[in-house]
1. Got a sec? Which of S306, S302, S375, S332 is under 30 Å from P46 (Cβ atoms), out of contact with any His (no Cβ under 7 Å at 6 or more places or on another chain) and without any contact (Cβ under 8 Å) to a residue 60 or more places away in the chain?
2. With the checklist (1) aliphatic (A, V, I, L, M); (2) part of a helix (DSSP H, G or I); (3) open to solvent by 10 Å² or more (accessible area, probe 1.4 Å); (4) out of contact with any His (no Cβ under 9 Å at 6 or more places or on another chain) in hand, flag the one item V190 doesn't pass.
3. Report, ordered by the first and then the second residue, all pairs with beta carbons closer than 7 Å, sequence separation of six or more or different chains, a first member in segment 487-512 that is touching a residue at least 12 places away in the same chain (Cβ under 8 Å) and in a helix (DSSP H, G or I), and a second member that is among the hydrophobic types (A, V, I, L, M, F, W, C) and within 16 Å of the ligand (Cβ to nearest atom).
4. Say we look at segment 36-71 and pick out the residues that are within 16 Å of the ligand (Cβ to nearest atom) and touching an Asp or Glu at 6+ places or on another chain (Cβ under 7 Å); which of these is nearest to D13 (Cα to Cα)?
5. Tally up the residues in segment 386-411 that are open to solvent by less than 100 Å² (accessible area, probe 1.4 Å) and among the basic types (K, R), please.
6. When I83 is evaluated against the numbered criteria (1) over 21 Å from the mean Cα position of the chain (by Cα); (2) surrounded by fewer than 23 Cβ atoms within 10 Å (Cβ to Cβ), which criterion, by number, is the only one it fails?
7. Quick check on my filter: what residues within segment 214-239 are part of a helix (DSSP H, G or I), buried (at least 22 other Cβ atoms within 10 Å of the Cβ) and hydrophobic (A, V, I, L, M, F, W, C)?
8. Working only within segment 279-305, note down all residues that are in a loop (DSSP other than H, G, I, E, B) and open to solvent by 10 Å² or more (accessible area, probe 1.4 Å).
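The values are calculated or read from the model by the stated rules, or taken from the named source; none is laboratory data. The model shown is predicted, which means the values in this text are computed figures rather than measured ones. So basically every Cβ, Gly included, is an ideal-geometry build from the backbone, and we count neighbours across all protein chains shown. Surface accessibility is based on the protein's heavy atoms, side chains included, excluding ligands, DNA and RNA. Shrake-Rupley method; radii C 1.70, N 1.55, O 1.52, S 1.80 Å.
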Amino acid sequence: MTDKKKNIKELPDSAAIIEEMVSKYPKKVAKKRAKAMVTNDPENKPEIQSNVRTVPGIITQRGCTYAGCKGVILGPTRDVINITHGPIGCGFYSWLTRRNQTKAGKGEENYIPYCFSTDMQDENIVFGGEAKLKQAIREAYEIFKPHSISIFSTCPVGLIGDDVHSVAREMKKELGITIFGFSCEGYRGVSQSAGHHIANNGVFTNVVGTEKPKRVGKFQINLMGEYNIGGDAFELERLFEEAGITLLSTFSGNSTIKSYAYAQSADLNLVMCHRSINYIAEMMEEKYGIPWVKINFIGAESTAKSLRKVAEFFDDAELTERVEKIVKREMSKVKKVSKEVRPDLEGKLAMLFVGGSRAHHYQDLFKELGITTISAGYEFAHRDDYEGREVIPNIKVDADTRNIEDIEVTRDDENFREDLVKKKQILEEKGYKFKEYSGMMSEMDKNSLVIDDISHWESEKLIEYFKPDVFCAGIKEKYAVQKMGVPLKQLHSYDYGGPYAGFEGAINFYRDMERMLNTRIWKMVDAPWKAEPEIVGSMNINI
Ligand code: CFM
């Protein structure tokens, strides 16, 4: 690719690089991996293989089901004691490793800095660990007197058959507090995505709606799939507050179990990370009639669009005026910075391989800087996150998906919001879109390359081929990529920076990109393997 920076109108077809990436794999593996690599056409979105098991031996960046349940969904909730039932490693390595921040009020509970584990030993594996789990719950209760405790199953728990749910029931009776367990053994699904679903089910059945609904503001919303990484939720809370929108509960950044209990009092659910939280949004609509909309607060333009979407829903002149005032003021600050940095960044190329939603959302920030996303993919998303929700009925249900309970939700006649159902209908007639997500592909350029569950080998080949100016991924990829002379921006942890959401977040991101991409240090990187030969192995079999 020689002319890659000449204001790309149309990207070249990526068939050659796909061929190169799969050529070193055994035939069967090559066939499977090729299905996860597609050349994009936003008008006619191709089918991509996703949410299937990773081929053993391939270095994937995925996490486990326990990580998705405990770390992602429940982890950021500060007023619940999350006990890991398992060997100490699972608890230790999920302890404060995700930058979900929280701000507890004075005297309010905050258990996030602690690590609770049953520390299973050999004898618990042989004779069962339920007694030790009960002991751990009693001990935690005695020390902290929490109102809620949850239990997370790790792999051995499922293998030996400990029943965390019956322990939860028994201990709930004994202690008189909320206790619930999750069957989120690491191996249960193909990735952390299964853990999201399991956590959604558990939170919905055990917590949502356990308190009476309440009215504290004129415009009540929940923000779903926002985990306050690097303080993102703080920036959004600032905007909602100024607009006069009451944020009842965030699932689950800077949030509490107590707030989930009355989350059914919302008039509208905003879904930020579709992958991890669409289940609760759907179930709340079924049970309580609360509609949901997909929004995105990454990118200044997207933030403005999302705020306007909320105002449009409530259709209140004063609210609209306040939102417009905020957008005008904030956008002028954003534009000033973008004008400053854009000339240094325009025309550069980015690649994003992150999680289940950020590889899409962050493309908006790059667009605002004039940076083209030449290739992107998720680690564990499903086809709908790539191709749009319209493909959901055609997604093949395999054994791994069947492994996760699809809970039956019935309508709560007492609290069902007929008024919201009517409101939804009227707005839909005017063209307002509910529960709509058209996925990553519809917003990417034609011929950009989309790859699911990318491996280390494939990342290296991509970098050699496209020579991007920035690669977005996580800590597992960071140093391998940087040794190739390409800056890597961590989009999971934000490299200790952020917030990147909202207007202030956009400004932070612009400035970070300017600093990161315009330093000359990357040209000076001289990886040792450039000079030393690759180690190649061979094997002879004498029969
Ligand atoms: Fe949703 Fe997330 Fe993401 Fe995710 Fe994650 Fe994360 Fe992520 Mo890391 S919930 S899918 S499981 S937006 S921890 S806050 S950054 S992989 S893209």
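1. On the way: S302 fails: without any contact (Cβ under 8 Å) to a residue 60 or more places away in the chain; S375 fails: without any contact (Cβ under 8 Å) to a residue 60 or more places away in the chain; S332 fails: under 30 Å from P46 (Cβ atoms).
Only one candidate qualifies: S306.
2. Going through (1) aliphatic (A, V, I, L, M); (2) part of a helix (DSSP H, G or I); (3) open to solvent by 10 Å² or more (accessible area, probe 1.4 Å); (4) out of contact with any His (no Cβ under 9 Å at 6 or more places or on another chain) one by one, V190 breaks only (2).
3. Y494/I229; G502/L236; G502/F297; A506/L365; F509/L365
4. We begin by selecting, within segment 36-71, every residue within 16 Å of the ligand (Cβ to nearest atom); these are 50-51, 54, 60-71.
Still in the running and touching an Asp or Glu at 6+ places or on another chain (Cβ under 7 Å): 50, 54, 60-62, 65-66.
On the way: S50: 21, T54: 26, T60: 25, Q61: 26, R62: 28, T65: 36, Y66: 39 Å.
By that ranking, first place goes to S50.
5. Number satisfying all stated conditions: 1.
6. The single condition I83 does not satisfy is (2).
7. If we filter segment 214-239 for residues that are part of a helix (DSSP H, G or I), which is where we start, we get 232-239.
Checking which are buried (at least 22 other Cβ atoms within 10 Å of the Cβ) leaves us with 232-233, 235-236, 239.
If the condition is that a residue be part of a helix (DSSP H, G or I), buried (at least 22 other Cβ atoms within 10 Å of the Cβ) and hydrophobic (A, V, I, L, M, F, W, C), then A233, L236, L239 are the ones that fit.
8. Within segment 279-305, the first condition is being in a loop (DSSP other than H, G, I, E, B), and the residues that meet it are 289-291, 295-297, 299.
Answer for segment 279-305, where residues must be in a loop (DSSP other than H, G, I, E, B) and open to solvent by 10 Å² or more (accessible area, probe 1.4 Å): just N296.
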